[in-house]
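The values are calculated or read from the model by the stated rules, or taken from the named source; none is laboratory data. No experiment lies behind these values; they were computed from the predicted model shown. We place every Cβ from the backbone using ideal geometry, glycine too, and count neighbours over all the protein chains shown.
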Amino acid sequence: MHAFQRTLRPLTLAVLMGCASLAHAQSAAPVDAEKQKLIDQVIALWHPENSVLMVAQRPAQAAMDQSRVALEQKQLPKPKVEAALKDIAVDVQKYIDTVNPLIIGSAKKNMPSTVVATMAQNFTTDELKQLLVVLQSPVKAKFDKLVPEATLALTKKVSDDVGADVNKAGQTMQQNAGLKLRTAATTTGN
């Protein structure tokens, strides 16, 4: 049986390499002009690079959140906390100003081999036209404007409803994590 498996390995490898080459050839295939124009219009309305920006900006938000928590736990006077956060915000903004152009540039450079290729392979010209109708719809624009307001209203209601419980659970979690971190930092190796 092992000899049979060893015989199959080169064949399996050859099939996989052939499939990979075919997939690469398909993704590298040029997109016809009409389809490319439709994809460009969808991308202009969609802005897929914004999702990448949001991911890259998470460390900035986390730095601000963690700084706020750390400063509040020290029970510093409010003016001192605000001054420290304002100072930290300068570094956070510097990070954002540095990474945003890098990300946008990379996203635009890699868009043809990722988003464009995926859309070209998965949508027909007619489907792209239908997608554009949806994306350009006044109803969608109205909905998009409503989303932040509705989300804010829901967030406020949830916060009013269970915010105290969530904050208490969060503080307990942070205190427990802090204790465990301090214990781990002060405990010598086994």
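Computed quantities for the displayed model
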item	result
Filter result (part of a helix (DSSP H, G or I) and farther than 15 Å from GLN93 by Cβ) within region 48-57	GLU49, ASN50, SER51, VAL52, MET54, VAL55
Top-ranked residue of region 112-143 - restricted to ones that are among the charged types (D, E, K, R) and loosely packed, with under 11 Cβ neighbours inside 10 Å, ranked as farthest from GLU49 (Cα to Cα)	ASP126
Qualifying residue in region 95-105 (condition: among the hydroxyl-bearing types (Ser, Thr, Tyr) and in contact (Cβ under 8 Å) with a residue 60 or more places away in the chain)	no
Meets criteria (surrounded by fewer than 10 Cβ atoms within 10 Å (Cβ to Cβ), β-branched (Val, Ile, Thr) and part of a helix (DSSP H, G or I)) for THR183	yes
Leading residue by the ranking (surrounded by the most Cβ atoms within 10 Å (Cβ to Cβ)) among those in region 58-78 that are assigned to a loop (DSSP other than H, G, I, E, B) and of a type outside the set (D, E, K, R)	LEU76
Of the criteria (1) of a type outside the set (A, V, I, L, M, F, W, C); (2) within 30 Å of GLU127 (Cβ to Cβ); (3) over 18 Å from the mean Cα position of the chain (by Cα), which one ASN50 fails	(3)
LEU128, sole failed condition from (1) closer than 23 Å to GLN41 by Cα; (2) free of Cβ contacts under 8 Å to residues at least 24 places away in the same chain	(2)
Given (1) surrounded by fewer than 10 Cβ atoms within 10 Å (Cβ to Cβ); (2) touching a Phe, Trp or Tyr at 6+ places or on another chain (Cβ under 9 Å); (3) of a type outside the set (Val, Ile, Thr), index of the condition ASP160 fails	(2)
Count of residues meeting criterion [exposed (fewer than 14 other Cβ atoms within 10 Å of the Cβ), modelled with pLDDT under 90 and in a helix (DSSP H, G or I)] in region 20-47	8
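This table checks each residue for (1) part of a helix (DSSP H, G or I); (2) more than 30 Å from VAL42 (Cβ to Cβ); (3) of a type outside the set (S, T, N, Q); (4) in contact with a helix residue (DSSP H, G or I) (Cβ under 7 Å, 6 or more places away or on another chain).
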site: VAL90; (1), (2), (3), (4): yes, yes, yes, no
site: ASN100; (1), (2), (3), (4): yes, no, no, yes
site: THR118; (1), (2), (3), (4): yes, no, no, no
site: VAL134; (1), (2), (3), (4): yes, no, yes, yes
site: LEU152; (1), (2), (3), (4): yes, no, yes, no
site: LYS156; (1), (2), (3), (4): yes, yes, yes, no
site: THR172; (1), (2), (3), (4): yes, yes, no, no
